[in-house]
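Down below is the structure, laid out as structure tokens.
Please treat every number below as a calculation from the coordinates, not as lab data. Bear in mind that the values here come from a model prediction, so they are computed numbers and not experimental data. Glycine gets a Cβ as well: all are built from the backbone with ideal geometry, and neighbour counts include every protein chain shown.
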Amino acid sequence: MMEEEIKYEYAVKELEAIVRCMENDELDIDSLAAQLKRAQQLVTLCKEKLACADKQINELLEQGNEK
């Protein structure tokens, strides 16, 4: 699955699952490194999606104020 195709809600759920596994000590050291890398990718993706949504909302609000 390409990163652009991942929905925000799916990314958050995947992050929550990774955190749960870490909190419950369910990951060995090799899995932990891979999951931390994946979590970092997901956090970046979520930040980008939130920034994009924020920009779109602000643009819409500005357009509404111009009318």
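Suppose only helical runs count, i.e. DSSP H with n ≥ 4. What mean residue ellipticity at 222 nm does that imply for the chain under -39500 (n - 2.57) per run, divided by all residues and rounded to the nearest 500 deg cm²/dmol? Don't skip to the answer; put the middle values down first.
Values: 2 runs with 54 residues, N = 67.
Value at 222 nm, helices only: -29000 deg cm²/dmol.
Measure nothing but the geometry: give the 0 to 90° angle between the long axis through the Cα atoms of 29-66 and the longest principal axis through the Cα atoms of the chain, rounded to 10°.
10
In a Debye calculation with equal point scatterers on the alpha-carbon sites of the chain and no solvent, what is log10 I(q)/I(0) at q = 0.11, 0.17, 0.20 Å⁻¹?
-0.38, -0.67, -0.81
Pull out the extension gain between K55 and N24, defined as 0.36 nm times the separation in residues minus the alpha carbon to alpha carbon distance; nm, one decimal. Can you show the working numbers first?
Working: separation 31, 0.36 × 31 = 11.16 nm, distance 3.72 nm.
Gain on extension, K55 to N24, equals 7.4 nm.
On a 0 to 90 degree scale, rounded to 10, what angle separates helix 8-23 from the longest Cα axis of the chain?
30
Go through the stretch 1-62 and name the trypsin sites (Lys or Arg not before Pro) that are in a DSSP coil and have 10 or fewer other Cβ atoms within 10 Å of their Cβ.
On the way: sites: K7, K13, R20, K37, R38, K47, K49, K55; in loops: K7.
Loop-located and lightly packed - K7.
Mind listing which GluC sites (Glu not before Pro) in the chain are in a DSSP loop and have 15 or fewer other Cβ atoms within 10 Å? Present the calculation step by step, with values, prior to reporting the outcome.
Values: sites: E3, E4, E5, E9, E14, E16, E23, E26, E48, E59, E62, E66; in loops: E26.
Counting only loop positions with at most 15 other Cβ atoms within 10 Å, the GluC sites (Glu not before Pro) in the chain are E26.
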